[in-house]
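Derivation of every value follows stated rules applied to the coordinates shown; laboratory data play no part. Keep in mind that this is a model prediction, so the values were computed, not measured. Here Cβ is always computed from backbone atoms with ideal geometry, including for glycine, and neighbour counts include all displayed protein chains.
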Amino acid sequence: MSTKSTLSPVPMTGNLPPRVPDVFNDEYRAAMQVVMAEREPMDWIGVHQFLGFHEDREAGAQFVTRRLPETPNHERLVLAHSTQAILTVLCGSLVGVGGTLAVEELTYPTIAKFAKQSGFALVGVKLDDRGIIPDAFEKVCQERKPQALYTLPTLQNPTTSMMSLARREAIVAIAQKYGVKIFEDDIYSLLPERVAPPLASLAPEITYYMLGTAKSVGAGLKAAYLVTPETSDPARLFWPGSGMTYWMIAPANAGVSTVLIRNGGVDRIISAVREETRARQQMVTNALGGISLRTTPECLHVWMEAPHDRSVLDFVADCKRRGAEVGPAATFLLAGGVAPHYVRFGTGKAHDRAELQRGLEAIAGAYFS
Ligand SMILES: Cc1ncc(COP(=O)(O)O)c(C=O)c1O
């Protein structure tokens, strides 16, 4: 019997929140209507608002309190259309040409493109299941003197590791000791309900804290919030010196996000995404029992060991042939080293549970063949 699927492979290399149309559609439409009714288009769209409207920055300051212990002064806020956009400016301004950025040894692949584009080096820091290993980070600080560390302390991409509070304290203490700035990407932190506080709450004076909405609300909302250490940082780093203007949020997106933050719609969407993510992770447990993998009920992705007797690429190709696209660990290895014998796949991009089930069966089929 042929094992090749006749349907197109289920897209599982990407990492998106699952669709929750019953909640999302009504909340988004209602918020858009409020924006259209309440804002004067000429005052709102007809002018440049480089750092965002006052009320949108205030809403952003309110949004980040889902993670930060207190509401930051809105003048510390930058509104951008994505976490990527924030990172391009931070890396350009604070790492710079010829500089060095420390990253987790396996991390968000786009960072490699920024490094190439902006002419800075990457140095990888070893990880365990609690994230960055403090001794390894200290060694990197001593030997490579990075300007900054880019890190995902919560549900690390791709390994799903979670820094404990003790680990977070150890990492910020080292960064403080060696004068290394922290670019904290907390994009996966809004789905789990119990998570240690961000590094930004432990060391606000050196941490640039990013909370994007792409992984918890919707990838096309195009709204991401940055909290800087000082109120002078947004203007200094983002305008006018950076020379790049494409990071700015579109006013309509900022307005819709503000309404959703104020009326609680954003939390209702996040709750629906959380519930759907839990259901999908339960399907992973049911379909892939007996396989060594790492994830949590509120994580969008899964970090799974490939079969010992095959190369990772051979396993990835077999998954695809049977109907699931998954990503090899090597995709996430940006600064040298040896890629572990793992793959990552996302649970959210499959259009619905039936499609996810088809993808999981393809992975199980490839694994146990
Ligand atoms: C760790 C991490 N940060 C940021 C992003 C992208 O977020 P945005 O669309 O807001 O740039 C991704 C998307 O894959 C990601 O995995």
query: When only Cα pairs under 8 Å and 6 or more residues apart are kept, what is the percent relative contact order across the stretch 18-145?
result: 15 percent
message: Among E38, E75, E230, which one shows the highest mean-square fluctuation when the chain is modelled as a Gaussian network with alpha-carbon springs under 10 Å?
response: E38
message: Which one, R280, R321, R57, has the greatest fluctuation when you compute a Gaussian network model over the chain with C-alpha springs under 10 angstrom?
response: R321
statement: Taking a crude spin-label model, label points 7 Å out from Cα along the C-beta direction, the R268 to D26 distance in nm is 0.6 nm
task: Quickly work out the Q117-to-E205 label distance, labels modelled 7 Å from Cα along the C-beta direction, and quote it in nm with one decimal.
output: 3.3 nm
- prompt: Assuming R0 = 30 Å, what is the FRET efficiency of F368 and R278, from their Cβ-Cβ distance, to the nearest 0.05?
  reply: 0.75
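Calculate, in nm to one decimal, what Y178 and F50 gain on full extension: separation in residues at 0.36 nm each, minus their alpha carbon distance. Provide the component values of the computation, followed by the final result.
On the way: separation 128, 0.36 × 128 = 46.08 nm, distance 3.31 nm.
Full-extension gain reported as 42.8 nm.
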query: So what's the net charge close to M304: Lys and Arg +1, Asp and Glu -1, counting the other residues with Cβ under 10 Å from its Cβ?
result: +1
- request: Using just the helices of the chain, give the 222 nm mean residue ellipticity in deg cm²/dmol: DSSP H runs with n ≥ 4 each add -39,500 (n - 2.57), and the total is spread over all residues, rounded to 500.
  value: -12000 deg cm²/dmol
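Relative contact order, percent, of the stretch 25-265 when contacts are C-alpha pairs under 8 Å separated by at least 6 residues? Provide the component values of the computation, followed by the final result.
Values: 419 pairs, mean separation 67.1, N = 241.
Contact order relative to length: 28 percent.
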statement: Per the C-alpha gyration tensor (a ≥ b ≥ c, the square roots of its eigenvalues), the stretch 160-250 is rounded if a/c is under 1.5, else prolate if a/b beats b/c, else oblate; here it's oblate
query: With the Cα gyration tensor of the chain giving a ≥ b ≥ c as the square roots of its eigenvalues, does the rule (a/c under 1.5 for rounded; else a/b larger than b/c for prolate; else oblate) give rounded, prolate or oblate?
result: oblate
field: GNM result for the chain, Cα springs below 10 Å: residue of D318, D267, D22 fluctuating most strongly
entry: D22
- prompt: In whole Å, what is the distance between the alpha-carbon centres of the stretch 59-107 and the stretch 182-205?
  reply: 11 Å
message: Using +1 at the C-beta of Lys and Arg and -1 at the C-beta of Asp and Glu, which of H308, P234, A335 has the Cα lying farthest in the positive direction of the dipole of the chain?
response: H308
message: With unit charges on the beta carbons (Lys and Arg positive, Asp and Glu negative) and the dipole taken about the Cα centre of the stretch 25-265, which residue among G119, A224, Y208 sits farthest to the positive side?
response: G119
- prompt: Summing Lys, Arg as +1 and Asp, Glu as -1, what charge do residues with Cβ under 13 Å from the Cβ of S161 carry, S161 excluded?
  reply: +2
- prompt: Using unit Cβ charges (K, R positive; D, E negative) and no other charged atoms, how large, in debye to the nearest 20, is the dipole of the chain about its Cα centre?
  reply: 760 debye
message: At 7 Å along Cα-to-Cβ for each site, give me the label-to-label distance between I291 and T331 in nm.
response: 1.5 nm
query: Antiparallel as a % of all DSSP beta bridges within the stretch 25-265, to the nearest 5?
result: 40 percent
query: Length gain on complete extension for the stretch L7 to A136, per 0.36 nm per residue less the alpha carbon to alpha carbon distance?
result: 41.9 nm
query: Along the positive direction of the dipole of the stretch 1-103 (beta-carbon charges: Lys, Arg +1; Asp, Glu -1; about the Cα centre), which of P9, Q84, V47 reaches farthest?
result: P9
task: Figure the gain on full extension for E355 and E40 (residue separation times 0.36 nm, minus the Cα-Cα span) and round it to one decimal in nm.
output: 109.1 nm
